[in-house]
Amino acid sequence: MSIDDVTVDSLEEENRDLRRRVAELERRLAAYEAASGPARAEAGERTDGTRGVGPAAVEHVDMLAAILDNAPLYIYAKDVEGRYLLFNRRCEEIAGRSFEEVAGKTDFELQPREAAEMYERPERQVIASGKPLQTEEEVPTAAGTLHVLTIKFPLVDAAGRVYGVCGISSDLTEQRRAEQENQRLQAEVVRMQEATLRALSTPLIPIARGVLVMPLIGDVDRRRAEQTLETLLAGVSARGARIAILDVTGVPSVAPEVADGLVRVARAVGLLGAQVVLTGIQPRLAQELVGMGDGLSGLVTRSTLESGIAYAMSAVRG
């Protein structure tokens, strides 16, 4: 093949490409004029088909068409009656319809009535107010529901009259899914942290067959007393324990209502056929327990954890 042949082939390919681009532009201009004729007539524009499109204008239109079709946005425009004037490629893809299929039609001709009314309400508001409006909404499509952020603004002619509305929507679906997943993961982390703290604040240690020890360290409030009861009952039931030693040596202070909680722990464990041995009692807790009188029945107390373990070991052997 000669150099001349290559040059001819290249020119022919360029000509074919130019013809395709011109045909595409003519298609879009024809569809636009068919859809926007009434609106342009109202605005006092010429509708006799005279375009006056020179090479520079074609290039300009070509550039705008490329921007519209390649922008990662859904871009569309309607006249004041809701008829489509513009429908970019992203809109075509999500709607499953070409611009020619929607041009000059309203959403009421293309969508279920409920969806059409949802689209129409903000557009009527924009036309009436003459001001932009930003909304965030869920849009049902054949591919699923999209979460979009949309700004709709009025289209105004040279005389200042509103002849339509344009909408530009960005897809937030993946972003919202990521946010929801992040919230779910955060909630799971919090749940695991709480479970870990509960386990650390109420450790249950088996020291012999039938004997469990739960050492408590730090202040004990009503919530922690409830955790103690829950953990102790679960442990006694799961291990078939006969004695549960509750050591409060490391508890610096106990709220008055917690003494009642400890007695309830003893009673609940007793219902499972086991016994609670309370060790390491401080003077203040001793006073609270003494004030409860008969509520101490079934609760064994020892001054130290060592003496409590000795009591438990003796009891399980006997």
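Computed values, structure above
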{"quantity": "Top-ranked residue of segment 154-186 - restricted to ones that are within 28 Å of LEU68 (Cα to Cα) and among the acidic types (Asp, Glu), ranked as surrounded by the most Cβ atoms within 10 Å (Cβ to Cβ)", "calculated": "ASP171"}
{"quantity": "Residue within segment 99-108 that is surrounded by 12 or more Cβ atoms within 10 Å (Cβ to Cβ), modelled with pLDDT of 90 or more, of a type outside the set (Asp, Glu) and more than 17 Å from CYS166 (Cα to Cα) present", "calculated": "yes"}
{"quantity": "LEU185 being at pLDDT 80 or above and assigned to a strand (DSSP E or B)", "calculated": "no"}
{"quantity": "Only listed residue being part of a helix (DSSP H, G or I) and of a type in the set (D, E, K, R), chosen from GLU136, GLU114", "calculated": "GLU114"}
{"quantity": "Residues that are surrounded by fewer than 16 Cβ atoms within 10 Å (Cβ to Cβ) and either under 21 Å from GLU120 (Cβ atoms) or at pLDDT 90 or above (or both), drawn from segment 67-96", "calculated": "GLU81, GLY96"}
{"quantity": "Single unsatisfied condition, PHE153 versus (1) in contact with a His (Cβ under 7 Å, 6 or more places away or on another chain); (2) of a type outside the set (Val, Ile, Thr); (3) closer than 15 Å to ILE75 by Cα", "calculated": "(1)"}
{"quantity": "Those residues of segment 109-127 which are modelled with pLDDT of 90 or more and hydroxyl-bearing (Ser, Thr, Tyr), in sequence order", "calculated": "none"}
{"quantity": "Pairs where the first residue, in segment 208-220, is surrounded by fewer than 21 Cβ atoms within 10 Å (Cβ to Cβ) and the second is among the polar types (S, T, N, Q) and in a loop (DSSP other than H, G, I, E, B), C-beta under 8 Å, 6+ apart", "calculated": "MET214/THR202; ASP219/SER253"}
{"quantity": "ALA195 vs. criteria under 21 Å from ALA95 (Cα atoms), at pLDDT below 80 and not assigned by TED's automatic domain parsing to the domain that holds PRO215", "calculated": "no"}
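Here's the yes/no breakdown for (1) within 22 Å of ALA71 (Cβ to Cβ); (2) in the same structural domain as TYR163 (by TED's automatic domain parsing); (3) touching a residue at least 24 places away in the same chain (Cβ under 8 Å):
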{"site": "PHE87", "(1), (2), (3)": "yes, yes, no"}
{"site": "GLY96", "(1), (2), (3)": "yes, yes, yes"}
{"site": "PRO112", "(1), (2), (3)": "no, yes, no"}
{"site": "GLU120", "(1), (2), (3)": "no, yes, yes"}
{"site": "GLN125", "(1), (2), (3)": "no, yes, no"}
{"site": "GLU136", "(1), (2), (3)": "yes, yes, yes"}
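The values are calculated or read from the model by the stated rules, or taken from the named source; none is laboratory data. The shown structure was predicted, so the numbers you read here are calculated from the model rather than taken from an experiment. Note: ideal-geometry Cβ built from the backbone for every residue, glycine included; neighbour counts use all protein chains shown.
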